[in-house]
Amino acid sequence: STTGARYGAKIDSTAERQQPYAWALGDGSTIPGLEQAVAGGGGVPPMLPGGVRRAIIPSSLAYEGLARPLPGLQYQECGGGFGPIPPREVRPGDMGEGAFQRFKNIYCNANRPYQPDLVMDIKLYGKR
């Protein structure tokens with residue numbers, strides 16, 4: 001999947017990293033909006049293996065909970081919680097933790113007045 005903030009730049013791409021994001025559907029380890037985009041629901045048909053979809057996920061079904069402030073801190077700890085979350089790694093051309101830092105600044109910032117929608121390009125591998 002490719003992840004980005006709506007009206008913003010790309011944050012992360014598992015395709016470019018050649019590391020597909022994998023989880024068991026319904027196991028609770030991923031954001032509810034991604035589960036809905038793949039399994040269907042709310043008027044959205046389920047994806048079929050090999051299918052490709054662009055999902056615009058509202059913050060309430062994405063990372064809204066990560067922006068709740070911890071006492072005395074500006075940022076929430078972004079390392080855990082629901083996936084997909086970009087890895088903490090330094091890539092060539094990045095200053096610092098690149099994709100993770102961009103993700104943290106957008107979705108884990110308690111001082112941000114709103115949480116933007118999440119845009120994901122999804123390709124479904126595997127069996128249904």
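In region 14-44, of all residues being free of Cβ contacts under 8 Å to residues at least 24 places away in the same chain and in a strand (DSSP E or B), the one that is least open to solvent (accessible area, probe 1.4 Å) corresponds to GLY41. For region 76-99, the set of residues classified as within 13 Å of the chain's Cα centre (by Cα), at pLDDT below 75 and either surrounded by fewer than 17 Cβ atoms within 10 Å (Cβ to Cβ) or within 17 Å of ARG17 (Cα to Cα) (or both) consists of GLY79, GLY80, GLY81, ILE85, PRO86, PRO87, ALA99, listed by residue number. Tallying residues that are out of contact with any helix residue (DSSP H, G or I) (no Cβ under 7 Å at 6 or more places or on another chain) and among the hydroxyl-bearing types (Ser, Thr, Tyr) within region 102-126 yields 2.
Listed by first and then second residue, the pairs linking a residue in region 99-128 that is in contact (Cβ under 8 Å) with a residue 40 or more places away in the chain to a residue that is among the aromatic types (Phe, Trp, Tyr) and not in a strand (DSSP E or B), with Cβ atoms under 6 Å apart and 6 or more places separating them unless they lie on different chains, are TYR107/TYR63.
The values are calculated or read from the model by the stated rules, or taken from the named source; none is laboratory data. What you are looking at is a predicted structure, and each value in this text was computed from that prediction instead of being measured. A quick note on method: Cβ atoms are made from the backbone with ideal geometry, for glycine too, and the neighbour counts reach across all protein chains shown. Each accessible area value is taken on the protein alone, full model and side chains, heavy atoms only, with ligands, DNA and RNA left out. Shrake-Rupley method; radii C 1.70, N 1.55, O 1.52, S 1.80 Å.
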